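What follows is a short report on a single structure.
Quick note: the coordinates plus some simple rules give every number you see, no bench work behind them. A quick note: this is a predicted structure, and the numbers were derived from the prediction, not measured. Neighbour counts run over all protein chains shown; Cβ positions are idealised from the backbone, glycine included.
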Ligand code: NAD
């Protein structure tokens, strides 16, 4: 098994170092190879996704990704911006299903912006389609408006598109994931206004007939945004398109207290995947040693479960994370009165210690 390790920019290197440390202590047989991606790759090789990095990612069974981006690259031509590396990896690896679990750890319920009783025990999974929608549809661009409300005015436009196979495959992923959970899928759309999402709803309903054991609901995106803050625990698996998924998964992330706690996985049809924290490169805290590494460590656990077929090792990491939270250790983003504030490295060390202590106790 081979893991491509792509730390990237900002806090990327700091948090990935901790996840690598945790992976090493598990004593599993895999090879890890590191490469540049994002702004650092642009600085060193003239491109955010150099050929050698892409080759490594394609050859690997899984990619462990930190984060990319920095304000200093904002003036670059779009194709050279760090964020293009993620889009390039998604496209070249055929990653179409983005898994974003939103779990509220018992020890962190007070860190949520919602009342503890609304989020205690929260465990939902948002599945976002990654290849279609308004992000990639052609035509797009700027022009002089030929018609509409302001003919002759300058305008910009994008195209929302979904093909049947694109919807079918993400729907299967959602129903299969729900089978391993509480057997409920909520498909989020805007079928009342958009043709694309009426089609989405029709296709998801058809696919759902193959999963009679899973309950399927449909919800408009505006209502879903509201329900996520009103009664988040009413969801189990949420499946939606690229743009609605982008927004709703960040909303769900905040329910859990900190974006620093949330892992994510993006998978292709053969379960090869890219695993990364849900947050970005946090240039405001980069280099200070205070970033929360738990989202990246939990992403490594998802990698072991989904791409490397090591569910027990994944369980060990997740249980070690719960242990360190129970010990009262907190990075600054999740710190509260009565808990002990630790830095990035100390948090990684504590997870490693929790894993090794359990291993020693067991044997
Ligand atoms: P961000 O997620 O990097 O940061 C948002 C806020 O959350 C900041 O205050 C930051 O300090 C905090 N934060 C994020 N991760 C944290 C962690 N692990 N521990 C503690 N605090 C944490 O989002 P942003 O500031 O909007 O974007 C910064 C850069 O990251 C931009 O260049 C953006 O394009 C890029 N970005 C990259 C990715 C990615 O690599 N997948 C995703 C989102 C944003």
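Taking a quarter of the surface of the Cα convex hull of region 119-253 gives a mean projected area of 9.1 nm².
Over region 179-312, the ratio between the Cα radius of gyration and 2.2 N^0.38 Å evaluates to 1.19.
What share of Cα pairs, in percent, lie more than 12 angstrom apart in region 224-268?
Values: 649 of 990 pairs.
Summing the P(r) of region 224-268 above 12 Å gives 66 percent of all pairs.
Computed from the Kirkwood radius of its Cα pairs, the Stokes-Einstein diffusion coefficient for region 47-166 at 25 °C and 0.890 mPa s stands at 133 µm²/s. Dividing the alpha-carbon radius of gyration of region 305-363 by the rule-of-thumb value 2.2 N^0.38 Å gives 1.24. By the equivalent-ellipsoid construction on the alpha carbon gyration tensor, region 1-117 comes out with semi-axes of 27, 21, 14 Å, ordered largest to smallest. Pairs of Cα atoms nearer than 8 Å and 6+ residues apart set the relative contact order; for the chain it is 21 percent. Helix 84-93 and the long axis of the chain differ in direction by around 90°, with both axes built from C-alpha atoms. If you model the chain as an ellipsoid using its alpha carbon gyration tensor, with each semi-axis the square root of five times an eigenvalue, the axes come out at 33, 26, 21 Å, biggest first.
Per residue and in Å³, how big is the convex hull formed by the alpha-carbon atoms of region 233-363? Taking only Cα atoms, region 233-363 has a hull volume of 141 Å³ per residue.
Pairs of Cα atoms in region 101-189 fall into 10 Å distance bins, from 0 up to the last occupied one, in shares of 14, 26, 23, 20, 14, 3 percent. The residues 81, 143, when put in order of fewest to most other Cβ atoms within 10 Å, stand as 143, 81. Of all DSSP-defined beta bridges confined to the chain, some 40% are antiparallel rather than parallel. Values of log10 I(q)/I(0) for region 255-317 across q = 0.16, 0.28 Å⁻¹ run -0.56, -1.12, by the Debye formula with one identical scatterer at each alpha carbon and no solvent.
Computed per residue of the chain from DSSP H runs no shorter than four, each worth -39500 (n - 2.57), the mean residue ellipticity at 222 nm is -12500 deg cm²/dmol. By the Kirkwood approach, averaging reciprocal distances over each pair of separate Cα atoms, region 154-198 gets a hydrodynamic radius of 12.6 Å.
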